[in-house]
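Since the structure comes first, as structure tokens, the remarks are kept for the end.
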Amino acid sequence: MSAVVYARRDVRRARYAVAAVFAAHGAVTGSFATRVPWIQDHAGVSAGQLGLALAFPALGASVAMPLAGRITHRFGARGALRGLMALWSLSLVLPSFAPGLLTLCLALFAYGATAGMADVAMNALGVEVENRLGKSIMSGLHGMWSAGALVGSAAGTLAAHLGADARLHHVLAAAVLTVLGVTACSWVLDLRPAEDEDPPPRFALPPRSALLIGAVGFCAVFAEGASLDWSAVYLEDQLEASAGLAAACTTGFTLTMAVARIAGDRVVDRFGAVRTVRTGGVLAALGGLLIVLAAHPAVAMGGFALMGLGIAVVVPLCFAAAGRSGPNPSQAIAGVATITYTSGLVAPSAIGTLAQATSLVVSFTLVTVLSCGLAAFAGVLRPGGRDRPEISRPDAAVPGPRP
């Protein structure tokens, strides 16, 4: 990327703009998730067919994410993010209009593809702002995504409670979120490639460093997916908790993740990414032990809370490390994102398959072992032998793109 000068106040403004983009991205996800039952009924698909269809967003994201770097090279960081956020928000309307299984799968593929490309673009810009500010912001950005998802979920829950047609709900939500997302993009950094910089390939394997970083993210996302999808079932089936208490466990896990991400940047700035992830891995492993050894629902709920606290900042730090791991941040981030999306796709089914063959206790023993991997391999998040980015002087000029 070219490097003229950005005033520090412009970089601070870009930080808040990217945070708003993250929130808008999360709100689209929350808006969709709450209307899945309506979409299932409208498309007339069975539970098994719905499970098949819900694999297509991750498939679409995995296929499309490598294209994000080339789009950014062609249109610049601001133009690419503006266009991808508009496509992502507008794709929200597609699943609710699908009349059957085939069209639902195609709609969800497009939904996932636009989600993944926008995800890579906004994370790459977040990493760039973090580097220019000289302090951690990625955890807070992902916390804003979680907050946006909660707002979108709340609005969707209200719409479902009122019996609103999901097509009308999603058209209105898509219109509002498109305006908010595109408007926020007006203040992100408008990074552009240097004149002699070749465009990245359309599809390329991620660098080795991104694979190692992605492995750490895989462990965290596996634990997250397992906890989100199976915590309520675990409490009901293993510990005979009520449905309300089981649902509260899942909600508590989600809130723990959101709060920890929003507060996580100060911890990372104080202790560094490697020590933060190592400590998080220990906390997640302790949480896993509480879960598998629990004889009472309250103990398991405490274990899930510790699990959420321990893994909350891992994925944001993986994206940040990937963005600093080589000359092509978008390609590295796309590689890490593909691995983490894959983990989120396979975790729920892997937990279910293992539980059917053995028990949920054995399944969460596997989650506990993977959590230990966070502590063991956190060192791959250290770029160039440093644990934290160099802190810039508050009055320093900040490199920026050529006008």
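Any idea which of (1) over 26 Å from Asp265 (Cα atoms); (2) under 27 Å from the mean Cα position of the chain (by Cα); (3) modelled with pLDDT under 90 is the one Leu360 doesn't satisfy?
Every listed condition holds for Leu360 apart from (3).
Being under 17 Å from the mean Cα position of the chain (by Cα), without any contact (Cβ under 8 Å) to a residue 40 or more places away in the chain and buried (at least 24 other Cβ atoms within 10 Å of the Cβ) is true for just one of Leu84, Leu125, Leu141. Which residue is that?
Sole residue among the options that is under 17 Å from the mean Cα position of the chain (by Cα), without any contact (Cβ under 8 Å) to a residue 40 or more places away in the chain and buried (at least 24 other Cβ atoms within 10 Å of the Cβ): Leu84.
So Ala232 clears everything in (1) at pLDDT below 90; (2) assigned by the TED database to the domain that holds Ala24; (3) in contact with a Ser or Thr (Cβ under 6 Å, 6 or more places away or on another chain) except one condition, right? Which one?
(2)
Among the candidates Ala155, Ala149, Ala166, Ala173, single out the residue that is within 16 Å of the chain's Cα centre (by Cα), under 23 Å from Ala98 (Cβ atoms) and not assigned by the TED database to the domain that holds Ala322. Give the derivation first.
Working: Ala155 fails: within 16 Å of the chain's Cα centre (by Cα); Ala166 fails: within 16 Å of the chain's Cα centre (by Cα); Ala173 fails: within 16 Å of the chain's Cα centre (by Cα).
Step by step, each of Ala155, Ala149, Ala166, Ala173 is checked, and only Ala149 is within 16 Å of the chain's Cα centre (by Cα), under 23 Å from Ala98 (Cβ atoms) and not assigned by the TED database to the domain that holds Ala322.
Residues checked against (1) in a helix (DSSP H, G or I); (2) among the basic types (Lys, Arg); (3) modelled with pLDDT of 90 or more; (4) touching a strand residue (DSSP E or B) at 6+ places or on another chain (Cβ under 7 Å):
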{"position": "Asp119", "(1), (2), (3), (4)": "yes, no, yes, no"}
{"position": "Val129", "(1), (2), (3), (4)": "yes, no, yes, no"}
{"position": "Ser139", "(1), (2), (3), (4)": "yes, no, yes, no"}
{"position": "Ser146", "(1), (2), (3), (4)": "yes, no, no, no"}
{"position": "Thr157", "(1), (2), (3), (4)": "yes, no, no, no"}
{"position": "Asp196", "(1), (2), (3), (4)": "no, no, no, no"}
{"position": "Arg202", "(1), (2), (3), (4)": "no, yes, no, no"}
{"position": "Pro206", "(1), (2), (3), (4)": "no, no, no, no"}
{"position": "Ser209", "(1), (2), (3), (4)": "yes, no, no, no"}
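Looking only at segment 65-86, how many residues end up being closer than 11 Å to Gly116 by Cβ and modelled with pLDDT of 90 or more? Walk me through how you get there before you give the answer.
We begin by selecting, within segment 65-86, every residue closer than 11 Å to Gly116 by Cβ; these are 65-68, 84.
With the extra rule that they be modelled with pLDDT of 90 or more, the set shrinks to 84.
Qualifying residue count for the region: 1.
Got at least one residue in segment 321-336 being more than 23 Å from Gly140 (Cα to Cα), in a helix (DSSP H, G or I) and assigned by the TED database to the domain that holds Thr251?
Of segment 321-336, the ones more than 23 Å from Gly140 (Cα to Cα) are 326-328.
In the following step, the residues that additionally are in a helix (DSSP H, G or I) were identified as none.
No, every residue in segment 321-336 fails to be more than 23 Å from Gly140 (Cα to Cα), in a helix (DSSP H, G or I) and assigned by the TED database to the domain that holds Thr251.
Return yes when Ala173 is closer than 29 Å to His42 by Cβ, in a loop (DSSP other than H, G, I, E, B) and modelled with pLDDT of 90 or more and no when it is not. Break it down into steps so the answer makes sense when it comes.
Working: closer than 29 Å to His42 by Cβ: yes; in a loop (DSSP other than H, G, I, E, B): no; modelled with pLDDT of 90 or more: yes.
Judged against the criteria, Ala173 is not a match.
Does segment 323-338 contain at least one residue that is closer than 29 Å to Leu354 by Cβ, among the aliphatic types (A, V, I, L, M) and surrounded by fewer than 24 Cβ atoms within 10 Å (Cβ to Cβ)? Spell out the reasoning first.
Kept after step one, since they are closer than 29 Å to Leu354 by Cβ, are these residues of segment 323-338: 335-338.
Right, trim to among the aliphatic types (A, V, I, L, M) and you get 336-337.
Remaining after also requiring surrounded by fewer than 24 Cβ atoms within 10 Å (Cβ to Cβ): none.
Within segment 323-338 (the criterion being closer than 29 Å to Leu354 by Cβ, among the aliphatic types (A, V, I, L, M) and surrounded by fewer than 24 Cβ atoms within 10 Å (Cβ to Cβ)), the answer is no, since none of the residues qualifies.
Is it fair to say Leu345 is without any contact (Cβ under 8 Å) to a residue 60 or more places away in the chain, aliphatic (A, V, I, L, M) and part of a helix (DSSP H, G or I)? Outline the logic, then answer.
Numbers: without any contact (Cβ under 8 Å) to a residue 60 or more places away in the chain: no; aliphatic (A, V, I, L, M): yes; part of a helix (DSSP H, G or I): yes.
So Leu345 does not fit the description; no.
Please state which one of Thr178, Thr157, Thr183 is crowded, with 18+ Cβ neighbours inside 10 Å and of a type in the set (S, T, N, Q).
Details: Thr157 fails: crowded, with 18+ Cβ neighbours inside 10 Å; Thr183 fails: crowded, with 18+ Cβ neighbours inside 10 Å.
Going through Thr178, Thr157, Thr183 in turn, just one is crowded, with 18+ Cβ neighbours inside 10 Å and of a type in the set (S, T, N, Q): Thr178.
Scan segment 31-64 for residues that are surrounded by 19 or more Cβ atoms within 10 Å (Cβ to Cβ), modelled with pLDDT of 90 or more and more than 18 Å from Leu92 (Cβ to Cβ) and jot them down.
Val45
Of the conditions (1) within 24 Å of Leu317 (Cα to Cα); (2) free of Cβ contacts under 8 Å to residues at least 60 places away in the same chain, Ala107 satisfies every one except a single condition; which number is it?
(1)
So for segment 7-30 (the condition being in contact with a strand residue (DSSP E or B) (Cβ under 7 Å, 6 or more places away or on another chain) and crowded, with 16+ Cβ neighbours inside 10 Å), does at least one residue qualify?
Within segment 7-30, one or more residues are in contact with a strand residue (DSSP E or B) (Cβ under 7 Å, 6 or more places away or on another chain) and crowded, with 16+ Cβ neighbours inside 10 Å.
A quick yes/no check of all residues on (1) of a type in the set (Phe, Trp, Tyr); (2) under 26 Å from Ala215 (Cβ atoms); (3) part of a loop (DSSP other than H, G, I, E, B); (4) without any contact (Cβ under 8 Å) to a residue 40 or more places away in the chain:
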residue	(1), (2), (3), (4)
Leu235	no, no, no, no
Phe253	yes, yes, no, no
Val268	no, yes, no, no
Gly280	no, yes, no, no
Gly287	no, yes, no, no
Ala300	no, no, no, no
Leu306	no, yes, no, yes
Gly310	no, yes, no, no
Cys318	no, yes, no, no
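The values are calculated or read from the model by the stated rules, or taken from the named source; none is laboratory data. Everything quoted here is computed from the prediction, not taken from an experiment. We place every Cβ from the backbone using ideal geometry, glycine too, and count neighbours over all the protein chains shown.
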